Amino acid sequence: MPELPEVETVARSLGPELVGRCVVAVTVRERRLRGGVARSFAARLTGRRIDGLARRGKYVLATLDDGRIWLVHLGMTGRLTLGPGPGAPARHDHVVVRLDDGRAVTYNDARRFGRMAVIEPAALDAETGAGLDPLGPAFTPAALFALARHRRASIKALLMDQRRVAGLGNIYGNEILFRAGVHPGRRAGRLSRAECGRIVEATRAVLGEAIRRGGSSISDYRDGLGRTGWFQLDHRVYDRAGEPCRRCGTPIRQRSIVGRSSFYCPRCQR
Ligand SMILES: [Zn+2]
């Protein structure tokens, strides 16, 4: 499932190609994505120029010349890919957006948990939620400490709760807590200020490295130009149960925390 570094990589790979281009045609083949693709979607996007492309949480946001926002969430298996003009549609190609240079952006999503909409700027907070962006200036040790205080949930669950921190999922939740030396099952409300500081620092480090490596290609993730990411080769704990910790050699353990597999080193993470 694409998380922040993968979505950031998609936005960065598509930005230079899409900004300044106009949309000349939109084909919607499948409306049954998350929330449904609105009947007005194609009409709202056709004829518009793309003025900017950015990421917020796990959303790709394209600013249009009429001020509206074309919003894409990749869900579990979504891929937003720029390619040469429209050929024969592949299986699960649900939306095709043709550009004025003849190329086309295709949204492919086998499991259809993704979202595709053109919204008013005022609706953005309601769509994306108000969770802190972990690469934004507001994600500070003090802010994380305040979010964690009095919470009985585990720190892993807190980091993955999109209403509080937007963009992290299971891969990066595990990797960040290893880097910070904090056990994923620790109760959030019991963390010290120093531990929150280490988690914030580890978050920036892990996400920064992952973006530089083009994200993690675990199953079918590709960037906006169809390229795989390589950060999966640098995972320290995710999906490494039984393998030696790269820091101390202790076998990595796996345990279910709030329904998701947590991977951790019992010696390095307290
Ligand atoms: Zn270790």
Criterion violated by S262 - all others in (1) assigned to a loop (DSSP other than H, G, I, E, B); (2) within 19 Å of the chain's Cα centre (by Cα); (3) within 16 Å of the ligand (Cβ to nearest atom) satisfied: (1)
For the range 108-127, give me the residue count where each residue is basic (K, R) and in a loop (DSSP other than H, G, I, E, B). 2
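Can you tell me which of G215, G249, G226 is part of a loop (DSSP other than H, G, I, E, B), surrounded by fewer than 22 Cβ atoms within 10 Å (Cβ to Cβ), in contact (Cβ under 8 Å) with a residue 12 or more places away in the chain and of a type outside the set (S, T, N, Q)?
G226
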For G215, indicate whether it is more than 16 Å from the ligand (Cβ to nearest atom) and in contact with a helix residue (DSSP H, G or I) (Cβ under 6 Å, 6 or more places away or on another chain). yes
Only one of these is among the acidic types (D, E) and within 15 Å of the ligand (Cβ to nearest atom): E201, E195, E209, E175. Name it. E175
Collect the residues in the range 229-246 that are in a loop (DSSP other than H, G, I, E, B) and either within 25 Å of the chain's Cα centre (by Cα) or at pLDDT below 95 (or both), keeping them in residue-number order. G229, W230, H235, R236, V237, Y238, D239, R240, A241
Inside the range 226-258, can you point out the residues that are in contact with a strand residue (DSSP E or B) (Cβ under 9 Å, 6 or more places away or on another chain), hydrophobic (A, V, I, L, M, F, W, C) and either within 23 Å of A205 (Cβ to Cβ) or within 15 Å of the ligand (Cβ to nearest atom) (or both)? V237, A241, C245, I252, I257
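The values are calculated or read from the model by the stated rules, or taken from the named source; none is laboratory data. Remember, it's a predicted structure, so these values are computed and weren't measured experimentally. Note that each Cβ is placed from the backbone with ideal geometry, even for glycine, and that neighbours are counted across all protein chains shown.
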